[in-house]
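Quick notes on the structure that follows.
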Amino acid sequence: MFGALELGLIYGAMALGVYLTFKVLNFPDLTVDGSFTTGGATAASLIIAGVNPFLATLAAIGAGLIAGYITGLLHTKGGIDGLLAGILTMIGLWSINLRIMGKANLPLLREDTVFTPLRENMLMGTWASIAILLVFALILKFAIDWFLTTDLGLAIQATGNNKEMIRSLGVNTDNSTMLTLALSNGFVALCGALVAQYQGFSDISMGIGLILVGLASVILGQAVFGSRNIFMASLGALLGSVVYRLIIFLALRAGLDTNDMKLTTALLVVIALLLPRWGFLKRIPSLRGRGNRAVASVPAGTTDMKDPAEIADIPAGATGARTGKEI
């Protein structure tokens, strides 16, 4: 149980990165499968070379930033479809990751990592390590919350909601897209670096299918907590990662074959998508509905724009968007 909680909090960094692209920017970025491995490969290679593990983790973040920026360049400047741009970068990173590691697997069992102090003090697998990882995950969450409420962050949100509209106001949507993709994959690479150090090795296939895990975490969390504002949306992504790991842990404890984990993840995503539509979660008094009661005003930093008919000047004689009555 403790291991599942620790992994869930570590993977929370990846879930926050996926949240930035899929929910905020509305961009289907498949670079994640490659940049996750890039983060692990970069950190492991540098640690084995004698670099401080914290500096190696920072270098992994830089590698992830570059990977995401390349996807953004292919899409914005190259005119390549976003989905295809992510796939191309992901495929290219496979060879790059092999070059970085020099082989398919790098063991870190005898190397110092960022988790070494916790292991030496017998804190791994205890509430102390969970508390430390929780603080770390919350720092990342609040950093994203703050960034998305800045002028640049609001421009990114507007780019995801209505690119043509915000472009007409003079915002360079290409730069917003490239920046968001870089930040997202930086978070993903950070997660890859931490996972490699946590499990004691970096493997070329460690990122395969990770985008599905990220989507499962984001969708599970937001199905329960909603996504009316930034605070709840990012919190849902973070806690969704923990919930996902706990579900997988319980499934394995129940005797589920490890070969069925991908199918289990796919089913979790399907269920999380369908439950709100069936109205099941709407009948549960939870945090999900609290931000959706007021229609007249939208809190600062919202991720959902109001209907254009509610904020635009409606000429006389127009038909109301909601009532169908003449205004």
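What residue, among those in segment 136-161 that are charged (D, E, K, R) and under 17 Å from residue 23 (Cα atoms), is surrounded by the fewest Cβ atoms within 10 Å (Cβ to Cβ)? First the steps, then the outcome.
Taking segment 136-161 first, the residues charged (D, E, K, R) are 141, 145, 151.
From the residues that got through so far, the ones that are under 17 Å from residue 23 (Cα atoms) too are 141, 145.
Working: 141: 22, 145: 17.
Out of the qualifying residues, it is 145.
Any residue at all in segment 201-211 that is open to solvent by less than 10 Å² (accessible area, probe 1.4 Å), in contact with a His (Cβ under 9 Å, 6 or more places away or on another chain) and not basic (Lys, Arg)?
no
I'd like the full set of residues that are basic (Lys, Arg) and modelled with pLDDT under 90, limited to segment 123-172.
Taking segment 123-172 as the starting set, the residues that turn out to be basic (Lys, Arg) are 141, 163, 167.
Of everything in segment 123-172, those that are basic (Lys, Arg) and modelled with pLDDT under 90 turn out to be 163, 167.
Only one residue in 89, 57 is buried (at least 22 other Cβ atoms within 10 Å of the Cβ), over 17 Å from the mean Cα position of the chain (by Cα), closer than 19 Å to residue 137 by Cβ and not aromatic (Phe, Trp, Tyr). Which one?
Values: 89 fails: closer than 19 Å to residue 137 by Cβ.
Going through 89, 57 in turn, just one is buried (at least 22 other Cβ atoms within 10 Å of the Cβ), over 17 Å from the mean Cα position of the chain (by Cα), closer than 19 Å to residue 137 by Cβ and not aromatic (Phe, Trp, Tyr): 57.
Can you spot a residue in segment 31-41 that is open to solvent by 10 Å² or more (accessible area, probe 1.4 Å) and aromatic (Phe, Trp, Tyr)?
Restricting attention to segment 31-41, the residues satisfying the condition of being open to solvent by 10 Å² or more (accessible area, probe 1.4 Å) are 33.
Next, only the ones that are aromatic (Phe, Trp, Tyr) stay: none.
So far as segment 31-41 goes, no, none of its residues is open to solvent by 10 Å² or more (accessible area, probe 1.4 Å) and aromatic (Phe, Trp, Tyr).
I want to confirm something. Restricting to segment 58-85 and keeping residues that are in contact with a His (Cβ under 8 Å, 6 or more places away or on another chain) and assigned to a helix (DSSP H, G or I), which single residue is farthest from residue 27 (Cα to Cα)? Don't jump to the end; show me each part of the working.
The first filter runs over segment 58-85 and keeps only residues in contact with a His (Cβ under 8 Å, 6 or more places away or on another chain), leaving 81-82, 85.
Cutting the leftovers down to assigned to a helix (DSSP H, G or I) gives us 82, 85.
Details: 82: 7, 85: 11 Å.
So, considering only residues that are in contact with a His (Cβ under 8 Å, 6 or more places away or on another chain) and assigned to a helix (DSSP H, G or I), the one farthest from residue 27 (Cα to Cα) is 85.
Scan segment 95-135 for residues that are part of a loop (DSSP other than H, G, I, E, B), free of Cβ contacts under 8 Å to residues at least 12 places away in the same chain and surrounded by 13 or more Cβ atoms within 10 Å (Cβ to Cβ) and jot them down.
Residues of segment 95-135 part of a loop (DSSP other than H, G, I, E, B): 102-104, 108-115, 121-126.
Checking which are free of Cβ contacts under 8 Å to residues at least 12 places away in the same chain leaves us with 103, 110, 121-123.
Hit for segment 95-135 is 123, nothing else.
The values are calculated or read from the model by the stated rules, or taken from the named source; none is laboratory data. Everything numeric in this text was worked out from a predicted model, so none of it was measured. Positions of Cβ are backbone-derived with ideal geometry, glycine not excepted, and every protein chain shown enters the neighbour counts. Note: areas computed on protein heavy atoms with side chains; ligands, DNA, RNA excluded. Shrake-Rupley method; radii C 1.70, N 1.55, O 1.52, S 1.80 Å.
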